[in-house]
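To keep things clear, I will list the structure first and then write my remarks on it.
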Amino acid sequence: MSELAGHIERYLQDLARQGASVHTLDAYAADLRQFLHYFSPPDLEPPAPQAIDLLMLREWLASLYRDRLAAVTIRRKLAAVRGLFRFLLREGVVAVNVARLVRTPKAPKTVPDVMTAEQANTLIDGVESRELERPFPARDRAIFELLYGCGVRVAELSGLNLEDLDRAERWIRVRGKGRKERQVPVPGKAAEALERYLAARPAVRDEQAVFLNHRHGRLTVRGIHGIVKLYATLLSGDPSIHPHSFRHAYATHLLADGADLRSIQELLGHARLSTTQKYTQVSLMDLMAVYDKAHPKA
(Lines give C-alpha, C1' and ligand atoms only; values in the text may rest on other atoms or scores of the structure.)
Protein backbone atom coordinates (compact mmCIF):
# COMPACT_ATOMS: atom_id res chain seq x y z
CA MET A 1 0.00 0.00 0.00
CA SER A 2 1.33 3.43 -0.96
CA GLU A 3 1.82 6.21 1.59
CA LEU A 4 -1.10 8.21 0.15
CA ALA A 5 -3.40 5.17 0.20
CA GLY A 6 -2.48 4.49 3.82
CA HIS A 7 -3.28 8.05 4.86
CA ILE A 8 -6.63 7.89 3.05
CA GLU A 9 -7.50 4.73 4.94
CA ARG A 10 -6.57 6.33 8.28
CA TYR A 11 -8.64 9.41 7.43
CA LEU A 12 -11.72 7.31 6.68
CA GLN A 13 -11.26 5.43 9.94
CA ASP A 14 -11.04 8.76 11.76
CA LEU A 15 -14.29 9.91 10.11
CA ALA A 16 -15.99 6.71 11.26
CA ARG A 17 -14.79 7.26 14.84
CA GLN A 18 -16.23 10.78 14.74
CA GLY A 19 -19.64 9.39 13.86
CA ALA A 20 -19.87 10.24 10.17
CA SER A 21 -22.90 8.66 8.50
CA VAL A 22 -22.59 5.55 6.36
CA HIS A 23 -23.66 7.63 3.35
CA THR A 24 -20.85 10.15 3.95
CA LEU A 25 -18.26 7.42 4.48
CA ASP A 26 -19.24 5.61 1.28
CA ALA A 27 -19.21 8.83 -0.77
CA TYR A 28 -15.86 10.04 0.60
CA ALA A 29 -14.29 6.60 0.16
CA ALA A 30 -15.35 6.52 -3.50
CA ASP A 31 -14.16 10.10 -4.09
CA LEU A 32 -10.78 9.50 -2.48
CA ARG A 33 -10.29 6.23 -4.40
CA GLN A 34 -10.80 8.24 -7.58
CA PHE A 35 -8.34 10.86 -6.30
CA LEU A 36 -5.76 8.15 -5.57
CA HIS A 37 -6.31 6.56 -8.97
CA TYR A 38 -5.73 9.88 -10.75
CA PHE A 39 -2.34 10.24 -9.07
CA SER A 40 -1.38 6.59 -9.67
CA PRO A 41 -0.10 6.28 -13.26
CA PRO A 42 0.65 2.74 -14.50
CA ASP A 43 3.67 1.12 -12.80
CA LEU A 44 4.32 4.21 -10.65
CA GLU A 45 3.68 4.99 -7.00
CA PRO A 46 1.44 7.97 -6.28
CA PRO A 47 3.22 10.99 -4.81
CA ALA A 48 3.52 11.44 -1.06
CA PRO A 49 0.97 13.91 0.35
CA GLN A 50 3.75 16.45 0.98
CA ALA A 51 4.58 16.44 -2.73
CA ILE A 52 1.06 17.29 -3.91
CA ASP A 53 0.97 21.02 -4.65
CA LEU A 54 -1.67 23.51 -5.80
CA LEU A 55 -0.87 23.03 -9.51
CA MET A 56 -1.37 19.26 -9.24
CA LEU A 57 -4.71 19.74 -7.50
CA ARG A 58 -5.86 22.18 -10.18
CA GLU A 59 -4.95 19.64 -12.86
CA TRP A 60 -6.97 17.00 -10.99
CA LEU A 61 -9.90 19.40 -10.75
CA ALA A 62 -9.63 20.13 -14.49
CA SER A 63 -9.89 16.39 -15.18
CA LEU A 64 -13.23 16.32 -13.34
CA TYR A 65 -14.51 19.12 -15.57
CA ARG A 66 -13.32 17.22 -18.65
CA ASP A 67 -15.34 14.23 -17.46
CA ARG A 68 -18.38 16.56 -17.48
CA LEU A 69 -19.23 15.93 -13.85
CA ALA A 70 -21.92 18.08 -12.29
CA ALA A 71 -20.78 21.02 -10.19
CA VAL A 72 -22.34 19.56 -7.05
CA THR A 73 -20.40 16.31 -7.59
CA ILE A 74 -17.13 18.19 -8.07
CA ARG A 75 -17.82 20.20 -4.91
CA ARG A 76 -18.31 16.98 -2.93
CA LYS A 77 -15.09 15.45 -4.29
CA LEU A 78 -13.19 18.62 -3.42
CA ALA A 79 -14.70 18.57 0.08
CA ALA A 80 -13.44 15.00 0.53
CA VAL A 81 -9.91 15.99 -0.52
CA ARG A 82 -9.97 19.08 1.70
CA GLY A 83 -11.03 16.91 4.61
CA LEU A 84 -8.15 14.53 3.90
CA PHE A 85 -5.58 17.33 3.87
CA ARG A 86 -7.11 18.90 6.98
CA PHE A 87 -6.61 15.54 8.70
CA LEU A 88 -3.02 15.30 7.41
CA LEU A 89 -2.31 18.82 8.66
CA ARG A 90 -3.63 17.92 12.09
CA GLU A 91 -1.49 14.77 12.09
CA GLY A 92 1.61 16.74 11.13
CA VAL A 93 2.02 14.94 7.79
CA VAL A 94 1.77 18.14 5.71
CA ALA A 95 2.65 21.72 6.59
CA VAL A 96 -0.31 23.34 4.82
CA ASN A 97 -3.74 22.32 3.56
CA VAL A 98 -3.17 23.09 -0.12
CA ALA A 99 -6.69 21.88 -0.95
CA ARG A 100 -8.07 24.98 0.78
CA LEU A 101 -6.39 27.11 -1.90
CA VAL A 102 -8.39 25.48 -4.70
CA ARG A 103 -11.38 27.56 -5.75
CA THR A 104 -14.72 25.89 -5.11
CA PRO A 105 -16.87 25.60 -8.26
CA LYS A 106 -20.19 27.37 -8.04
CA ALA A 107 -23.19 25.08 -7.96
CA PRO A 108 -26.27 26.16 -9.90
CA LYS A 109 -29.15 27.26 -7.71
CA THR A 110 -31.94 24.77 -8.19
CA VAL A 111 -35.44 24.85 -6.79
CA PRO A 112 -36.65 21.42 -5.66
CA ASP A 113 -39.86 20.05 -7.12
CA VAL A 114 -42.38 19.98 -4.31
CA MET A 115 -45.63 18.06 -3.98
CA THR A 116 -48.72 20.03 -3.10
CA ALA A 117 -50.38 19.31 0.22
CA GLU A 118 -53.20 17.59 -1.67
CA GLN A 119 -50.77 15.36 -3.59
CA ALA A 120 -48.91 14.40 -0.41
CA ASN A 121 -52.06 13.61 1.53
CA THR A 122 -53.66 11.67 -1.33
CA LEU A 123 -50.54 9.52 -1.62
CA ILE A 124 -50.35 8.92 2.14
CA ASP A 125 -54.06 8.13 2.44
CA GLY A 126 -53.70 5.50 -0.28
CA VAL A 127 -50.97 3.59 1.54
CA GLU A 128 -53.39 1.50 3.62
CA SER A 129 -55.66 0.82 0.66
CA ARG A 130 -56.89 -2.77 0.69
CA GLU A 131 -56.48 -3.02 -3.07
CA LEU A 132 -52.68 -2.97 -2.74
CA GLU A 133 -52.53 -6.03 -0.44
CA ARG A 134 -49.16 -5.09 1.05
CA PRO A 135 -47.92 -7.17 4.03
CA PHE A 136 -47.31 -4.30 6.50
CA PRO A 137 -49.78 -1.49 5.73
CA ALA A 138 -49.78 -0.05 9.27
CA ARG A 139 -45.97 0.19 9.31
CA ASP A 140 -45.84 1.72 5.86
CA ARG A 141 -48.53 4.29 6.69
CA ALA A 142 -46.59 5.32 9.82
CA ILE A 143 -43.42 5.73 7.73
CA PHE A 144 -45.16 8.08 5.30
CA GLU A 145 -46.90 10.02 8.08
CA LEU A 146 -43.62 10.63 9.92
CA LEU A 147 -41.73 11.58 6.75
CA TYR A 148 -44.31 14.21 5.89
CA GLY A 149 -45.59 15.11 9.35
CA CYS A 150 -42.16 15.47 11.00
CA GLY A 151 -39.86 16.28 8.04
CA VAL A 152 -37.21 13.82 9.21
CA ARG A 153 -34.38 12.57 7.04
CA VAL A 154 -34.65 8.96 5.93
CA ALA A 155 -31.55 8.00 7.97
CA GLU A 156 -33.11 9.63 11.03
CA LEU A 157 -36.28 7.61 10.54
CA SER A 158 -34.35 4.38 10.08
CA GLY A 159 -32.32 5.10 13.23
CA LEU A 160 -35.35 5.83 15.38
CA ASN A 161 -35.51 3.65 18.53
CA LEU A 162 -38.44 2.92 20.84
CA GLU A 163 -36.77 4.94 23.61
CA ASP A 164 -36.80 7.98 21.30
CA LEU A 165 -40.59 8.16 21.36
CA ASP A 166 -42.47 10.35 23.83
CA ARG A 167 -45.93 9.06 23.02
CA ALA A 168 -47.69 10.97 25.77
CA GLU A 169 -46.33 14.38 24.78
CA ARG A 170 -46.12 13.48 21.05
CA TRP A 171 -42.42 14.20 20.50
CA ILE A 172 -39.68 12.15 18.89
CA ARG A 173 -35.96 12.46 19.43
CA VAL A 174 -33.96 12.15 16.24
CA ARG A 175 -30.22 11.95 15.67
CA GLY A 176 -29.21 14.04 12.69
CA LYS A 177 -25.97 14.72 10.89
CA GLY A 178 -22.88 14.79 13.08
CA ARG A 179 -24.78 12.94 15.85
CA LYS A 180 -26.70 16.11 16.66
CA GLU A 181 -29.95 15.37 18.49
CA ARG A 182 -33.15 17.37 18.27
CA GLN A 183 -36.76 16.94 19.29
CA VAL A 184 -39.51 17.09 16.69
CA PRO A 185 -43.25 17.35 17.43
CA VAL A 186 -45.47 14.62 16.02
CA PRO A 187 -48.76 15.92 14.54
CA GLY A 188 -52.08 14.21 15.17
CA LYS A 189 -52.34 12.02 12.07
CA ALA A 190 -48.74 10.87 12.38
CA ALA A 191 -49.25 10.07 16.08
CA GLU A 192 -52.37 8.02 15.30
CA ALA A 193 -50.58 6.09 12.54
CA LEU A 194 -47.61 5.46 14.81
CA GLU A 195 -49.86 4.12 17.60
CA ARG A 196 -51.61 1.75 15.16
CA TYR A 197 -48.30 0.44 13.96
CA LEU A 198 -46.82 0.04 17.45
CA ALA A 199 -49.90 -1.95 18.51
CA ALA A 200 -49.16 -4.39 15.66
CA ARG A 201 -45.34 -4.28 15.88
CA PRO A 202 -43.95 -7.66 16.99
CA ALA A 203 -42.08 -7.63 20.29
CA VAL A 204 -38.53 -8.60 19.36
CA ARG A 205 -36.01 -9.17 22.12
CA ASP A 206 -32.92 -6.93 21.93
CA GLU A 207 -34.28 -5.00 18.93
CA GLN A 208 -35.07 -1.40 19.80
CA ALA A 209 -35.69 -0.12 16.27
CA VAL A 210 -39.11 1.42 15.80
CA PHE A 211 -39.46 0.24 12.20
CA LEU A 212 -38.79 -3.43 11.50
CA ASN A 213 -38.32 -5.33 8.26
CA HIS A 214 -39.86 -8.70 7.47
CA ARG A 215 -37.01 -10.44 9.34
CA HIS A 216 -37.82 -8.42 12.48
CA GLY A 217 -34.58 -6.45 12.18
CA ARG A 218 -34.10 -2.69 11.75
CA LEU A 219 -35.57 -1.36 8.52
CA THR A 220 -32.67 0.18 6.62
CA VAL A 221 -32.44 3.43 4.69
CA ARG A 222 -32.44 1.42 1.48
CA GLY A 223 -35.54 -0.44 2.62
CA ILE A 224 -37.43 2.79 3.30
CA HIS A 225 -36.40 4.17 -0.09
CA GLY A 226 -37.79 1.03 -1.72
CA ILE A 227 -41.09 1.26 0.18
CA VAL A 228 -41.61 4.92 -0.76
CA LYS A 229 -40.76 4.30 -4.41
CA LEU A 230 -43.11 1.32 -4.60
CA TYR A 231 -46.12 3.19 -3.22
CA ALA A 232 -45.35 6.33 -5.21
CA THR A 233 -45.25 4.28 -8.40
CA LEU A 234 -48.42 2.32 -7.61
CA LEU A 235 -50.50 5.21 -6.27
CA SER A 236 -49.32 8.25 -8.20
CA GLY A 237 -47.42 6.76 -11.13
CA ASP A 238 -44.38 8.83 -10.16
CA PRO A 239 -41.31 6.73 -9.26
CA SER A 240 -39.22 9.89 -8.85
CA ILE A 241 -40.83 10.56 -5.44
CA HIS A 242 -38.40 9.61 -2.67
CA PRO A 243 -38.28 10.08 1.13
CA HIS A 244 -36.61 13.49 0.84
CA SER A 245 -39.54 14.67 -1.30
CA PHE A 246 -41.66 14.67 1.85
CA ARG A 247 -39.02 16.67 3.74
CA HIS A 248 -39.14 19.31 1.00
CA ALA A 249 -42.95 19.32 1.14
CA TYR A 250 -42.92 19.57 4.96
CA ALA A 251 -40.73 22.67 4.95
CA THR A 252 -42.43 24.35 2.00
CA HIS A 253 -45.94 23.84 3.36
CA LEU A 254 -44.93 25.09 6.83
CA LEU A 255 -43.50 28.23 5.27
CA ALA A 256 -46.58 28.76 3.10
CA ASP A 257 -48.79 28.50 6.19
CA GLY A 258 -46.86 31.20 8.03
CA ALA A 259 -44.08 29.43 9.96
CA ASP A 260 -40.89 31.49 10.22
CA LEU A 261 -37.60 30.32 8.76
CA ARG A 262 -35.80 30.06 12.10
CA SER A 263 -38.42 27.67 13.46
CA ILE A 264 -38.29 25.57 10.28
CA GLN A 265 -34.50 25.51 10.54
CA GLU A 266 -34.75 24.07 14.05
CA LEU A 267 -37.34 21.49 13.03
CA LEU A 268 -35.27 20.33 10.05
CA GLY A 269 -31.99 20.30 11.97
CA HIS A 270 -30.21 22.53 9.47
CA ALA A 271 -26.88 23.92 10.66
CA ARG A 272 -27.20 26.98 8.40
CA LEU A 273 -30.21 29.17 7.74
CA SER A 274 -29.11 29.44 4.09
CA THR A 275 -29.96 25.74 3.65
CA THR A 276 -33.49 26.41 4.86
CA GLN A 277 -33.88 29.54 2.74
CA LYS A 278 -34.04 27.56 -0.50
CA TYR A 279 -37.66 26.78 0.41
CA THR A 280 -38.51 30.48 0.14
CA GLN A 281 -37.72 30.24 -3.57
CA VAL A 282 -40.44 27.61 -3.97
CA SER A 283 -42.99 29.73 -2.11
CA LEU A 284 -42.09 32.85 -4.10
CA MET A 285 -42.54 30.95 -7.35
CA ASP A 286 -45.97 29.77 -6.17
CA LEU A 287 -46.85 33.35 -5.24
CA MET A 288 -45.82 34.64 -8.67
CA ALA A 289 -47.90 31.93 -10.34
CA VAL A 290 -50.95 33.09 -8.37
CA TYR A 291 -50.19 36.70 -9.32
CA ASP A 292 -49.83 35.87 -13.02
CA LYS A 293 -53.11 33.99 -12.97
CA ALA A 294 -55.21 36.39 -10.88
CA HIS A 295 -53.91 39.95 -11.21
CA PRO A 296 -55.51 42.07 -13.94
CA LYS A 297 -52.16 43.72 -14.75
CA ALA A 298 -50.21 40.43 -14.97
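Key figures
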read-out	value
Counted residues, region 204-236 - those being part of a helix (DSSP H, G or I), among the basic types (Lys, Arg) and surrounded by 13 or more Cβ atoms within 10 Å (Cβ to Cβ)	1
Yes/no for Leu12 being aliphatic (A, V, I, L, M), assigned to a helix (DSSP H, G or I) and either surrounded by 12 or more Cβ atoms within 10 Å (Cβ to Cβ) or touching a Ser or Thr at 6+ places or on another chain (Cβ under 8 Å) (or both)	yes
Candidate set from region 230-258 (those that are of a type in the set (A, V, I, L, M) and out of contact with any Leu (no Cβ under 8 Å at 6 or more places or on another chain)); member that is farthest from Lys180 (Cα to Cα)	Leu230
Conditions (1) of a type in the set (Gly, Ala, Ser); (2) under 29 Å from Ile241 (Cα atoms); (3) loosely packed, with under 13 Cβ neighbours inside 10 Å: number failed by Ala117	(3)
Selection count where residues are modelled with pLDDT of 85 or more and assigned to a loop (DSSP other than H, G, I, E, B), scope region 246-280	1
Helices (runs of 4 or more DSSP H) fully within region 86-203 counting 2 or more residues that are among the basic types (Lys, Arg)	137-150, 188-200
Restricting region 130-148 to residues that are at pLDDT 95 or above and farther than 13 Å from Tyr197 by Cα, the residue that is surrounded by the fewest Cβ atoms within 10 Å (Cβ to Cβ)	Tyr148
Some residue of region 38-49 being within 18 Å of Glu91 (Cα to Cα), without any contact (Cβ under 8 Å) to a residue 60 or more places away in the chain and assigned to a helix (DSSP H, G or I)	yes
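The values are calculated or read from the model by the stated rules, or taken from the named source; none is laboratory data. Everything numeric in this text was worked out from a predicted model, so none of it was measured. Virtual Cβ from ideal backbone geometry, glycine too; neighbours counted across all protein chains shown.
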